[in-house]
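> Structure in structure tokens, see below.
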Amino acid sequence: MPDVRAWMARTLLQCGRTVLDTIFPASCLASGVLLPAQSRLHGIHDSITDYLLPAPFPNALRAGVARHFGPDELLVDRFDALWSIDAAAAAILHGIKYHGRSRLAFDCGRELGLLCIERGLGIDGIIPVPLHRARLRERGYNQSLLVARGLASIVDVPVVDILQRRRYTGTQTVLGASERRSNLSDAINVNKSPTFSFSLDGARLLLVDDVLTTGSTLNSCAWALAPYGPSHIGAATLAAA
């Protein structure tokens, strides 16, 4: 019994430390250095923020994505991203995706919103990429929705959380472009509730995700939205691989 009690005490202490580090981080998630009283991104030292590698411009991002699709397959009109993937950006994304860094996700979304304003993007609705309910139960949150809420707080347009994954697709990280498209075929659809009031017809929509790789997930979302008549479907992510 004493061993069990000691194990429980250690476990509770570790959980408590994890919660405190998430809410009140003492050191930078990306560099490990001590944080000042305030920083631009919650839990990230400003010295890291200032030197994150910018992502390519939208035309270059779309050209890169288009290589993975055949003629008339790519429905996303434009891609915007904050950063290119490097060690620091990967640490930020990993913290947001797997370690409950909700405030960091929100702050990064605000940075994405500032980028959208700087580039003069016209947006009527922000649509987060969905998680399957099994993955949502496992993780406890959808990181794309957290980022979308931060973005919405800057551009002052609604988050329209209407996409759902109707089947579990598993991780996409180990799949190639064609395998990703096949894996996502008919996996995402629109789920409008009876009280849904936002009109997709003629709307300028912005899909939001944490990272852009081949664009397969974002494009599957665009195909799900297309029958509802939006005038434009763009995509914005924190990082681009």
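The values are calculated or read from the model by the stated rules, or taken from the named source; none is laboratory data. Just so we're clear, the structure is a prediction, and the values are computed from it rather than from any experiment. Positions of Cβ are generated from backbone atoms using ideal geometry, with glycine treated the same way; all protein chains shown enter the neighbour counts.
> Does residue 30 satisfy being assigned by TED's automatic domain parsing to the domain that holds residue 207, touching a residue at least 12 places away in the same chain (Cβ under 8 Å) and under 19 Å from the mean Cα position of the chain (by Cα)? Even if it seems obvious, please write down each step before you answer.
On the way: assigned by TED's automatic domain parsing to the domain that holds residue 207: no; touching a residue at least 12 places away in the same chain (Cβ under 8 Å): yes; under 19 Å from the mean Cα position of the chain (by Cα): yes.
For residue 30, the condition - assigned by TED's automatic domain parsing to the domain that holds residue 207, touching a residue at least 12 places away in the same chain (Cβ under 8 Å) and under 19 Å from the mean Cα position of the chain (by Cα) - is not met.
> Are any residues in region 86-109 part of a loop (DSSP other than H, G, I, E, B) and either surrounded by fewer than 19 Cβ atoms within 10 Å (Cβ to Cβ) or touching a Pro at 6+ places or on another chain (Cβ under 7 Å) (or both), and if so, which ones?
To start, the set of residues in region 86-109 that are part of a loop (DSSP other than H, G, I, E, B) comprises 86, 99-101.
Scanning region 86-109 gives 86, 99.
> Between a residue in region 36-53 that is free of Cβ contacts under 8 Å to residues at least 24 places away in the same chain and any residue that is in a loop (DSSP other than H, G, I, E, B) and among the charged types (D, E, K, R), which pairs come within a Cβ distance under 9 Å, given they are 6 or more apart or on different chains?
Final answer for the pair search is 46/40; 49/40; 50/40.
This table checks each residue for (1) under 17 Å from residue 39 (Cβ atoms); (2) touching a residue at least 24 places away in the same chain (Cβ under 8 Å).
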| residue | (1), (2) |
| --- | --- |
| 68 | no, yes |
| 72 | no, no |
| 86 | no, yes |
| 102 | yes, yes |
| 118 | no, no |
| 126 | no, yes |
| 134 | no, yes |
| 137 | no, no |
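> On to the next question. If you take the residues of region 196-236 that are out of contact with any strand residue (DSSP E or B) (no Cβ under 7 Å at 6 or more places or on another chain) and free of Cβ contacts under 8 Å to residues at least 40 places away in the same chain, which of them is farthest from residue 126 (Cα to Cα)?
Restricting to residues being out of contact with any strand residue (DSSP E or B) (no Cβ under 7 Å at 6 or more places or on another chain) and free of Cβ contacts under 8 Å to residues at least 40 places away in the same chain, the top hit is 227.
> Is it fair to say residue 45 is surrounded by 13 or more Cβ atoms within 10 Å (Cβ to Cβ), farther than 28 Å from residue 190 by Cβ and touching a Ser or Thr at 6+ places or on another chain (Cβ under 7 Å)?
Yes, satisfied.
> How many residues are modelled with pLDDT under 95 and among the basic types (Lys, Arg) if we restrict to region 104-133?
1
> Ok, one more. Could you tell me which of the residues 63, 81 is assigned to a helix (DSSP H, G or I), of a type outside the set (Val, Ile, Thr), at pLDDT 95 or above and closer than 30 Å to residue 220 by Cα?
63
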